[in-house]
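The values are calculated or read from the model by the stated rules, or taken from the named source; none is laboratory data. Quick caveat: nothing in here was measured; it's all calculated off a predicted structure. Cβ: placed from backbone, ideal geometry, glycine included. Neighbour counts: every protein chain shown. Heads up: the accessible areas ignore ligands, DNA and RNA and are worked out on the full protein's heavy atoms, side chains in. Shrake-Rupley method; radii C 1.70, N 1.55, O 1.52, S 1.80 Å.
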Amino acid sequence: MSDHIDGPRQIGDPSADLTDLFAFTSPENPLRTVLAANVFPTCGRDATFSNAITHSIVVRRAKVNGLGDATKFVTSDPEIRFSVRFDTLERGASGQKPIQRGTCTFPDGQTLRVVVNDEKGASTPDGTFRVFAGLRSDPFILAWIVSAMRPFQNLLQNDNVLCIVIEFDTRRVLEPDRGSLFGVIAETVPLARQNALVGHEPSRLDWVGRPEQTNVRLNCAFLKDADDLRDLWNQQTPFAIADGFRSLFLQRLKDSLAAYDMHDGRQDWTPAALTANANMFLDDFLLFDVAKPINDTSHMEIEKSTLDGKTYQTGGGRTVDANVIDVLLTWIVNRDRELLRGGTTKATKPGSKTFPYFATPNLELQHVTERVNLNAAPDKIWELIGQFGGDWHPLIANIKLIGTGIGQLRVIETIDGKQIIERLDATDNSARSYRYTNISGIPASDYTGTLEVKPSGTGSSVEWRAQYLGNGQGDLVVRTIVSTLFKTGLESLKPRFGAGK
């Protein structure tokens with residue numbers, strides 16, 4: 001998923017997990033450039049930026065140093081660095097949520113304070129810089145089961161990320177008259193620990209240049225029994241991969257690109273061209289040219305044209321709505337011979353043409369409903385399933401009740417060893433229903449479930465439903481967990497009571 005969950009370390013610390021990097025011309029003002037980085041995949045609505053990390057976006061001037069099979073992009077100092085550090089939470093006013101603030105440091109040394117989730121963002125007094133930081137809808141479109149190269153629904157539907165947007169005056173900051181082509185990366189670096197008793201922090205937690213360097217190109221699903229190099233890659237210094245590791249990463253890129261090339265049974269890349277492509281991806285930074293148009297389809301046009309031996313025509317970069325996974329797969333599988341399209345071409349929400357450009361977060365409750373018709377009277381069915389205990393469910397290995405009545409807790413141990421804790425909120429035996437809240441065990445917040453039995457014809461209808469917000473896992477994962485739990489339980493009632501109509 002782009003750089004989402006791109007290695008074992010990121011699974012352990014998702015707040016440091018860079019998911020995406022963007023570079024585009026402001027739709028509001030063509031004289032301004034926008035750089036943005038997203039972190040913390042599938043985060044909940046109350047997610048906060050880590051105060052133990054420096055979040056940076058780093059730009060270097062670039063130039064084309066070879067065409068065709070000799071393609072080479074080189075970058076040069078000085079670097080143009082934007083860094084953001086966030087504070088711990090502040091207590092909000094009475095009845096208000098806590099507040100988080102951060103400080104953005106610009107290449108010229110200026111600093112700017114920003115309040116997280118302030119839609120207006122913050123601007124420097126001279127108007128050169130403008131910054132937003134906060135929760136937004138994840139704009140990435142992953143409508144593929146890449147391991148099978150099968151189109152699918154968007155796997156990130158309804159997901160949110162934490163987003164940092166930095167907009168600035170292009171001429172003042174980048175001085176394009178000296179050269180308008182740039183390479184950009186984003187990185188998360190831990191703050192140095194003071195007086196550590198054992199060891200030290202890694203030099204870098206994560207970094208990202210072009211989309212899908214780690215999860216697609218370095219961790220190719222078609223290379224069986226290959227070592228996972230993603231954590232090792234994420235430790236490297238951007239723009240300066242260590243000489244001792246370059247050959248290792250280059251060979252993995254060549255093997256991966258060759259596997260993708262032959263996935264459709266046709267070789268579209270000559271050995272020399274494939275090597276040039278691998279070398280280009282090894283020097284991993286997102287290219288953008290501020291003197292040329294950047295749009296939703298210009299992503300990777302700079303790299304592709306150069307590899308084809310031609311002068312590039314667009315500004316490359318990456319916009320909020322660019323469908324980068326389709327662009328990449330089409331390129332590496334068949335070198336643009338035939339468009340490969342995923343199961344959808346749209347993210348959950350489209351980007352905006354106004355600052356901060358990324359769509360508002362997905363805070364609409366999601367719903368799952370499963371039902372079954374049974375050939376038995378409602379009271380008979382309710383006698384079995386109407387108790388909050390729930391030990392009738394085949395996926396429950398053990399259940400423990402704490403307390404009685406409203407507020408009672410049930411601690412469930414599932415047959416695969418997981419623990420779920422739920423609280424009884426309401427019960428109505430005359431209406432044969434009860435409502436409960438998930439406390440833990442389901443990766444969701446604001447989770448409310450209802451189990452209800454109603455008359456239906458000569459039998460009964462049992463309905464189990466829930467509403468929730470995904471938190472820590474994608475909506476598709478949460479939906480699958482909940483739906484499977486409900487459906488398996490309801491289907492187990494058919495042998496006991498007979499299937500109804």
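Assorted remarks:
- Some residue of segment 329-338 being out of contact with any helix residue (DSSP H, G or I) (no Cβ under 9 Å at 6 or more places or on another chain), without any contact (Cβ under 8 Å) to a residue 12 or more places away in the chain, farther than 30 Å from Glu167 by Cβ and not small (Gly, Ala, Ser): yes
- Residue selection: Arg252 fails the criterion of being surrounded by fewer than 20 Cβ atoms within 10 Å (Cβ to Cβ), modelled with pLDDT of 95 or more and among the charged types (D, E, K, R).
- Listed here are the strands (runs of 3 or more DSSP E) enclosed by segment 383-501 that have at least 1 residues being open to solvent by less than 60 Å² (accessible area, probe 1.4 Å) and not aliphatic (A, V, I, L, M): 409-414, 419-428, 433-440, 444-456, 459-470.
- Pairs linking a residue in segment 342-365 that is closer than 15 Å to Ser137 by Cβ and open to solvent by less than 40 Å² (accessible area, probe 1.4 Å) to a residue that is at pLDDT below 95 and among the basic types (Lys, Arg), with Cβ atoms under 8 Å and 6 or more positions apart or on different chains, are Pro361/Arg45.
- If you go through segment 94-139 and keep only what is of a type in the set (A, V, I, L, M, F, W, C) and more than 17 Å from Val34 (Cα to Cα), you end up with Ile99, Val115, Val116, Leu135.
- Within the set Ser50, Ser26, the sole residue that is open to solvent by 10 Å² or more (accessible area, probe 1.4 Å) and not hydrophobic (A, V, I, L, M, F, W, C) turns out to be Ser50.
- Criterion violated by Ser123 - all others in (1) touching a Leu at 6+ places or on another chain (Cβ under 9 Å); (2) open to solvent by less than 20 Å² (accessible area, probe 1.4 Å) satisfied: (2)
- In this entry, Asp77 is excluded by the filter for residues that are in contact with an Asp or Glu (Cβ under 7 Å, 6 or more places away or on another chain) and either assigned to a strand (DSSP E or B) or surrounded by 17 or more Cβ atoms within 10 Å (Cβ to Cβ) (or both).
- Selection from segment 328-353 of residues that are within 18 Å of Lys304 (Cα to Cα) and out of contact with any strand residue (DSSP E or B) (no Cβ under 9 Å at 6 or more places or on another chain): Leu328, Thr330, Trp331, Ile332, Val333, Asn334, Arg335, Asp336, Arg337, Glu338, Leu339
- Of residues in segment 9-23 being open to solvent by less than 40 Å² (accessible area, probe 1.4 Å) and outside any helix (DSSP H, G or I), the one farthest from Thr214 (Cα to Cα): Ala23
- Annotation note: of Val327, Val368, the sole residue that is within 26 Å of Asn215 (Cβ to Cβ) and either basic (Lys, Arg) or at pLDDT 95 or above (or both) is Val327.
- Selection count, segment 113-130, where residues are more than 19 Å from Glu79 (Cβ to Cβ), among the hydrophobic types (A, V, I, L, M, F, W, C) and part of a strand (DSSP E or B): 3
- Residues satisfying the stated conditions in segment 383-425, i.e. within 31 Å of the chain's Cα centre (by Cα) and farther than 20 Å from Pro443 by Cβ: none
- Boolean, Ala36 is open to solvent by less than 70 Å² (accessible area, probe 1.4 Å), under 19 Å from the mean Cα position of the chain (by Cα) and not polar (S, T, N, Q): yes
- Condition check for Leu223: without any contact (Cβ under 8 Å) to a residue 40 or more places away in the chain and either open to solvent by less than 30 Å² (accessible area, probe 1.4 Å) or basic (Lys, Arg) (or both): no
- Enumeration of residues in segment 150-178 that are open to solvent by 30 Å² or more (accessible area, probe 1.4 Å) and either in contact with a Gly (Cβ under 7 Å, 6 or more places away or on another chain) or not in a strand (DSSP E or B) (or both): Pro151, Phe152, Gln153, Leu155, Gln157, Asn158, Arg171, Arg172, Glu175, Asp177, Arg178
- Residues of segment 179-194 satisfying the condition of being within 26 Å of Gly102 (Cβ to Cβ) and either among the polar types (S, T, N, Q) or crowded, with 21+ Cβ neighbours inside 10 Å (or both): Phe182, Gly183, Val184, Ile185, Ala186, Glu187, Thr188, Gln194
- Residue check, Gln267 modelled with pLDDT of 95 or more and either under 24 Å from Val173 (Cβ atoms) or loosely packed, with under 14 Cβ neighbours inside 10 Å (or both): yes
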